[in-house]
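This report concerns only the one structure given below.
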Amino acid sequence: METTINERIKLISEKHFNGNLSAMSRAVSVRQPTLRDIVGERQSSPGYDTIRSIVDSSSLGINADWLITGEGEMYKSGNIQLINQPQTSEQRLEEQEVALYDVSAAANLKALFCAKTQHILGKIRIPDMPKCDGAIYVTGDSMYPLLKSGDIVIYKEIQDFQNIFYGEMYLLAMEIEGDEYLTVKYVNKSEKEGSIKLVSYNTHHEPMDVSLTDIQAMALVKLSIRKNTMR
């Protein structure tokens with residue numbers, strides 16, 4: 001069945017981002033309103049820069065001929081990384097307990113990863129949860145209102161910092177000029193070689209490029225939990 005380029009871009013958003021245009025915007029560096037006009041009711045024709053940005057996104061691996069003409073395969077040859085949705089091979093456990101850690105009691109996040117039997121505040125159990133390594137409380141407002149100080153994030157540790165799903169949310173421990181930082185950010189590609197770009201959900205925080213050599217520990221955020229209380 002013949003499709004339009006608008007329909008093909010919409011297919012990319014659904015297959016890789018569950019239709020989340022905000023996540024797609026961060027991943028391909030195209031403004032969210034532009035994507036909305038293309039896949040929404042307006043059905044605007046995508047410009048050259050938009051098409052080029054989608055094709056140049058290595059995390060998607062989209063075949064330019066397919067995107068522009070609808071001919072050929074959707075993907076370039078090679079492995080495809082899906083963003084913002086679990087891969088079909090991801091292990092999901094019906095019963096799993098995840099330790100909630102007190103990161104402030106450990107020397108830093110890296111030390112916490114190495115001492116999994118220490119600094120445990122409690123256990124979290126959620127049915128059909130993807131395999132995770134631990135959970136901690138969030139502090140700060142860099143991801144507000146998506147995450148608030150006091151929320152819990154459940155994470156999967158990353159051993160190789162080269163295996164990053166760009167556009168996803170990560171827990172990061174960094175040492176910059178002798179100071180240690182613990183933060184939750186979206187991780188995007190950086191134009192600086194050997195670096196990553198950290199982006200906040202809170203627009204009051206500017207994006208920043210950080211060298212991978214400054215990263216001490218990193219974990220992919222899988223789930224978040226918020227406690228709502230009435231006083």
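The values are calculated or read from the model by the stated rules, or taken from the named source; none is laboratory data. In this text, all values refer to a predicted model and were calculated from it rather than measured experimentally. So basically every Cβ, Gly included, is an ideal-geometry build from the backbone, and we count neighbours across all protein chains shown.
Brief remarks follow.
- Screening residue 184 on (1) on the phi > 0 side of the Ramachandran plot; (2) within 11 Å of the chain's Cα centre (by Cα) shows it passes everything except condition (1).
- Residue, surrounded by the fewest Cβ atoms within 10 Å (Cβ to Cβ), within region 160-181, restricted to residues that are of a type in the set (Phe, Trp, Tyr) and under 18 Å from the mean Cα position of the chain (by Cα): 161
Listed here are the residues, each with its yes/no results for (1) in contact (Cβ under 8 Å) with a residue 12 or more places away in the chain; (2) of a type in the set (Phe, Trp, Tyr).
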residue: 179; (1), (2): no, no
residue: 186; (1), (2): yes, yes
residue: 192; (1), (2): yes, no
residue: 197; (1), (2): yes, no
residue: 202; (1), (2): yes, no
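- Annotation note: Cβ proximity below 8 Å between a residue of region 126-137 that is under 7 Å from residue 98 (Cβ atoms) and in the same structural domain as residue 154 (by TED's automatic domain parsing) and a residue that is among the charged types (D, E, K, R) and surrounded by 15 or more Cβ atoms within 10 Å (Cβ to Cβ) (sequence gap 6+ or interchain) occurs for 132/156; 132/222; 134/157.
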